[in-house]
Amino acid sequence: MASKDVVRLIEASSGVHFSGFHLNGSHNSEVEQPTTSTTECVQRQPFVIGVAGGAASGKTTVCDLIIEQLHDQRVVLVNQDSFYHNLSEEELKRVQDYNFDHPDAFDTEKLISTMENLKDGKAVDIPKYDFKSYKNKTLQSRRVNPSDVILLEGILIFHDSRVREMMNMKIFVDTDADVRLARRIRRDTVEKGRDIGQVLDQYSKFVKPAFDDFILPTKKYADIIIPRGGDNHVAIDLIVQHIRTKLGQHDLCKIYPNLYVIQSTFQIRGMHTLIRDANITKHDFVFYADRLIRLVVEHGLGHLPFTEKQVTTPTGSVYTGVDFCKRLCGVSVIRSGESMENALRACCKGIKIGKILIHREGDNGQQVCIELLSFFILVLPLYCNTRVLIYFVPQQLIYEKLPNDISDRHVLLLDPILGTGNSAVEAISLLIRKGVPEPNIIFLNLISAPQGVHVVCKKFPRIKIVTSEIETGLNEEYRVIPGMGEFGDRYFGTDNDDQEVITYK
């Protein structure tokens, strides 16, 4: 029997003393279900901004400026031009008579479906329309993920009431007709390879009449009208400030005031992009993960209590500042949590760090237990020479080594991924049993699934959770999506399928 083999192996091991060892004979091989379903989680609704106006009015420039200034939010741009109908062979023969500025030129149903999916938190593939072949290039489609802000830009996005109703803000870019014509001539001759005669003919035949008949009348639906387009920086600054006020915090932060998501920037988004890339090298993954972890740790330290302290500067002046919290320790959830230890040590010189190992159920629970012994026999002696506590009970604590005076300390709990929340609940419950007051626990992680946030915050409303990003959710295998895979394997380089696996018989 596997359990007897485990006992014999432990008894045969030397140099490590195990106490409090327990085996559960009635092993339950079923994977523990998350205590909160996906449907119970709050789906954050994106802030949808429609930007309309005549052709070459500066809509794209306005959108680019908004994206640039909203660098602390996730923003995606959806162009109405991507939803042109493919021209038939008959239409291609008389393309010079086709009105691209008429509402019927667009596949509005597909646009609505795409926007509904984005608002529902689903990723979409937006085709790229080729203005030389007048076809959608589906193989070159652009994957767009759900975001905080969706910018929908196009000449006729206010024309259909169903599209208008999706918008939280409607902006009309109002630019002089002569300026629009000059820009259109420059754009179409350079980017689309048309001669100036074709451009002028199309403008007088289709563009100007369509603007007067279909585009200009939708100006009345606009919440904001921007004269001079992208040159009106004052108007754009005011719009960005309004958007930030409307966005506020993540919806989960409004529900749980003990949840803190660090402010995002292009740098942080860039690092997230790199470490989520399945093709990144291990060296780069570790480098950028360490940078992100350091930011999370610094933010977490900012939630510790402080006392006022005055110091004398080299100029002889008195500076009134704060003194760091002295009674502090870290606790890492083995083994992914150990990736966060270096950042914590770099921020807090000489800090004590405890260890917790929690059994995460696999396909074969008994085999998982057996293979974990390699950790105890080969690695554990590096951590301690004292008696330790081990449990082999599925879904429960396996090993813990904590400072003796942990009940008198503030604790930074380290685990890069908050998924279902079950492991976090087990770790926090242990700390509380050890006498750590709930408000003294700060849980630090890189990414959090909404399900895990619900589970932890509902059970422990007085701890603090600090994370760098809230994920979309969990898939059917209870893995975080979009996520970053098995963090510990990627960080420590143990995700190679060809590596030797040691088993004990």
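The values are calculated or read from the model by the stated rules, or taken from the named source; none is laboratory data. None of the values given here were measured: they were computed from a predicted structure. Because the Cβ atoms are built from the backbone with ideal geometry, glycine has one as well, and the counts that use them run over all protein chains shown. Note: areas computed on protein heavy atoms with side chains; ligands, DNA, RNA excluded. Shrake-Rupley method; radii C 1.70, N 1.55, O 1.52, S 1.80 Å.
Listing for the model above:
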quantity	calculated
Gyration tensor verdict on segment 222-289 (Cα atoms; rounded if a/c is under 1.5, prolate if a/b is larger than b/c, oblate otherwise)	oblate
Cα-derived Rg over Rh, computed across segment 447-498 with Rh taken as Kirkwood radius	1.07
Within segment 127-158, backbone nitrogen closer than 19 Å to the virtual label 7 Å beyond the Cα of Gln198 toward Cβ	129-137
Dimensionless Rg ratio for segment 190-236, taking C-alpha atoms and the 2.2 N^0.38 Å reference	1.54
Separation between Cα centres of segment 474-489 and segment 297-327, rounded to whole Å	39 Å
Packing rank of 270-281, 442-453, where each peptide gets the mean count of other beta carbons within 10 Å, highest leading	442-453, 270-281
Global form of segment 101-181, assessed from the alpha-carbon gyration tensor, a/c cut-off 1.5	oblate
Highest average packing first - 306-312, 251-257, 54-60, Cβ atoms within 10 Å	54-60, 251-257, 306-312
Full-extension gain in nm, Thr313 to Gln267, via 0.36 nm per residue minus C-alpha separation	13.2 nm
Area projected by the alpha carbon convex hull of segment 411-485, averaged over all directions, nm²	4.5 nm²
Members of Lys128/Lys208; Lys254/Lys309; Lys349/Lys434 lying beyond 28 Å, as alpha-carbon distances in this model show	Lys254/Lys309
Pairwise label distance in nanometres, Cys347 with Gln241, each label 7 Å out on the Cα-Cβ vector	3.2 nm
Out-of-range pairs (alpha-carbon distance over 18 Å; input Lys170/Lys220; Lys132/Lys192; Lys170/Lys246; Lys170/Lys219; Lys135/Lys192)	none
Alpha-carbon centroid distance for the pair segment 153-196 / segment 223-292, whole angstrom	27 Å
Fraction of accessible area attributable to carbon and sulfur, segment 54-127 (%, probe 1.4 Å)	41 percent
